[in-house]
1. If we count other beta carbons within 10 Å of each Cβ, what is the order of Ile187, Ile133, fewest first?
2. If we count chymotrypsin sites (Phe, Trp or Tyr not before Pro) as exposed when they sit in a DSSP loop and have at most 14 other beta carbons within 10 Å, what is the longest stretch of the chain that avoids them all?
3. Quick one: net charge of Leu76's neighbours, Cβ under 11 Å, K/R +1, D/E -1?
4. Post the alpha-carbon centroid distance, the range 145-160 to the range 48-119, in whole angstrom.
5. For the pair Tyr58/Lys169, report the inter-label distance in nm, with labels modelled 7 Å from Cα in the Cβ direction.
6. Compute the normalised compactness of the range 19-180: alpha-carbon radius of gyration over 2.2 N^0.38 Å, N being the residue count.
7. Quick one: putting +1 on the C-beta of Lys and Arg, -1 on the C-beta of Asp and Glu, what dipole do you get for the chain around its Cα centre, in Debye to the nearest 20?
8. Does anyone have the angle between helix 171-187 and the longest principal axis of the chain? Alpha-carbon axes, 0 to 90°, nearest 10?
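A short reminder: the numbers here are calculations on the coordinates, not readings from a lab. Just so you know, these numbers come straight off a predicted model, no measurement behind them. Cβ coordinates were reconstructed from backbone atoms using ideal geometry, including for glycine residues, and neighbour counts include every protein chain displayed.
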Amino acid sequence: MKLISKGYDSGNDETGEFPCVSCHTNCCKEYVIFVNAHDVYRLSIGLGLAPESFLDVYGAKDYSLGIKVKEGLIDLALKQNNGACKFLEETKDVFRCTVNDIKPGVCKSYPFEMKNGKLNQMTSMMCPIDWDIAKFEEMMITHLKKDEFEWKFYDKLVKEWNTKHWRKKPLSAFLKFMLDKVESSLIS
Ligand code: SF4
Ligand code: SF4
């Protein structure tokens, strides 16, 4: 059985249920979900919350760009509760994303990602589903291109910030800078 997509179509050919609905493989538990400016903007507006209430900072890895703020060289990710994403609702009967409509781009793309216009299936994935890659790409192409654009946008604004404000300003100033950049890109 080849399944098509998650959250966008009836993925399970036999039951009509999205594969993610009944899957407890823990992709929302095992990964730290790193986010970009557009992800934070959508969550902040959609939930009516300050970014600090759902973001955590991690030390930037050697290979990542890293944001230079007073607090150190950091990356932004979603907070976790008890080792799972804070937006995961898990009970005996329910396993679901409570921010499905505005969840981060990487969550929508998983277990794929777009790099230089090409769709890659992640090598270290834990997803047990046998996705139909061609159909996934066909259905998700708009999102995948948008996600790639948003990460490039984010890289650019982090570079701009790092050039101007090398460890001089706090994280709160970076978050404001970042959200203002998204806001003005949406207006222009
Ligand atoms: S592991 Fe795969 S099927 Fe399971 S919830 Fe994650 S993306 Fe969906
Ligand atoms: S935002 Fe939603 S899909 Fe993404 S890790 Fe959290 S619970 Fe899972």
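1. Numbers: Ile187 6, Ile133 13.
By the 10 Å Cβ count, ascending: Ile187, Ile133.
2. Details: sites that count: Tyr8, Tyr63, Trp166.
It runs 64-165.
3. Numbers: positive: Lys79; negative: Asp39, Glu52, Asp56, Asp75.
Overall, the nearby charge balance is -3.
4. For the range 145-160 versus the range 48-119, the Cα centre distance is 15 Å.
5. 2.5 nm
6. On the way: Rg = 16.3 Å, N = 162, 2.2 N^0.38 = 15.2 Å.
Cα-based Rg divided by the globular estimate yields 1.07.
7. On the way: 27 positive and 27 negative charges, 217 e Å.
In debye, rounded to 20, the chain gives about 1040.
8. 70 degrees
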